[in-house]
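See structure below.
Laboratory data are not the source of any read-out in this text; all were calculated from the coordinates shown. These numbers come from a predicted model, not from an experiment. All Cβ positions, glycine included, derive from the backbone under ideal geometry; neighbour counts span all protein chains shown.
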Amino acid sequence: MLQEVEQLIELQKLDNRIAELETKVSQVPAFLKEVRDEFESVKSEYATVKVKYDTDAETLSKLAKECAENKALLDKAQGKLPNVKNNKEYEAVLKELDVLKKNVNEGEYRILELQESVNASKQKVEELEAKEAELKASLEEKEAQKSEEDSEANTELTELKTKRAEAQSVVKKSIISKYERVRHARNNLAIVRVHEETCTGCYIKVPPQLYVEVKKGKALHQCPNCQRFLYALSDD
Ligand SMILES: [Zn+2]
């Protein structure tokens, strides 16, 4: 095989692995994304439920205070009954008692109703708090895993880049500049096999004469369609 072809194949191998590792480092893996999404969703649900719980608990405490005041007023009004002097006064006290009793009853009913909702919210808040803590721990674990994987990948990347610089240094500058131009234009792939007269980069047939030349392996050739460098193996 032509020396330049061997050099470019070696370079391409390194570029493939570098691209693979760079993609891996830049991506959020599924195992991390899943936990992160669930954590964010529980966190947001917790925030919503907590606001409702806090608001309802505050309303409940206000209602309890109002109800206690109304009960005190009711007691006070009941205390007036033995001292009424006439029918008119009696009627007036009864009327006042009616209003106060109604207020107290309504207040107690609302308190019961709200208490139920506050209890349910409290339970939900506690559940979500526990779930959030659990997911946070799991998320930290997955993040540590990702960071460890990235660190391994970065070590390998550093080594690969050194190897690549060495591999590049032995190739003619004019070939390297063509290789790089094609690689950047063609999705990181600059040298491909020609198989059954077809370029395996763009899957278009190469002219028969070019195919013969590539098979001879005496010079460097490029695909007329995608410009990738071509090489052939003995069984191509
Ligand atoms: Zn091609």
Give the number of residues within the stretch 193-204 that are without any contact (Cβ under 8 Å) to a residue 12 or more places away in the chain and either more than 14 Å from the ligand (Cβ to nearest atom) or under 39 Å from the mean Cα position of the chain (by Cα) (or both).
2
Test of understanding: among ALA153, ALA167, ALA190, which residue is within 16 Å of the ligand (Cβ to nearest atom), in contact (Cβ under 8 Å) with a residue 24 or more places away in the chain and in contact with a helix residue (DSSP H, G or I) (Cβ under 7 Å, 6 or more places away or on another chain)?
ALA190
Flag for LYS146 being surrounded by 13 or more Cβ atoms within 10 Å (Cβ to Cβ), in contact (Cβ under 8 Å) with a residue 24 or more places away in the chain, among the charged types (D, E, K, R) and under 30 Å from VAL51 (Cα atoms)
no
Which residue out of LEU114, LEU81, LEU94 is surrounded by 15 or more Cβ atoms within 10 Å (Cβ to Cβ) and out of contact with any Pro (no Cβ under 6 Å at 6 or more places or on another chain)?
LEU114
Looking only at the stretch 222-236, which residues are under 42 Å from the mean Cα position of the chain (by Cα) and either near the ligand (Cβ under 8 Å from one of its atoms) or acidic (Asp, Glu) (or both)?
CYS223, ASN225, CYS226, GLN227, ARG228, LEU230
Only residues that are in a loop (DSSP other than H, G, I, E, B) and away from the ligand (no atom under 16 Å from the Cβ): list them for the stretch 205-221, please.
GLY217, LYS218, ALA219
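Per-residue answers, yes or no, for (1) outside any helix (DSSP H, G or I); (2) within 21 Å of GLU4 (Cα to Cα); (3) of a type in the set (D, E, K, R):
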site: SER147; (1), (2), (3): no, no, no
site: ASN154; (1), (2), (3): no, no, no
site: THR162; (1), (2), (3): no, yes, no
site: ALA165; (1), (2), (3): no, yes, no
site: ILE175; (1), (2), (3): no, yes, no
site: VAL182; (1), (2), (3): no, yes, no
site: VAL192; (1), (2), (3): yes, yes, no
Subset of the stretch 150-186 that is polar (S, T, N, Q) and loosely packed, with under 12 Cβ neighbours inside 10 Å - its residue that is farthest from LEU220 (Cα to Cα):
SER151
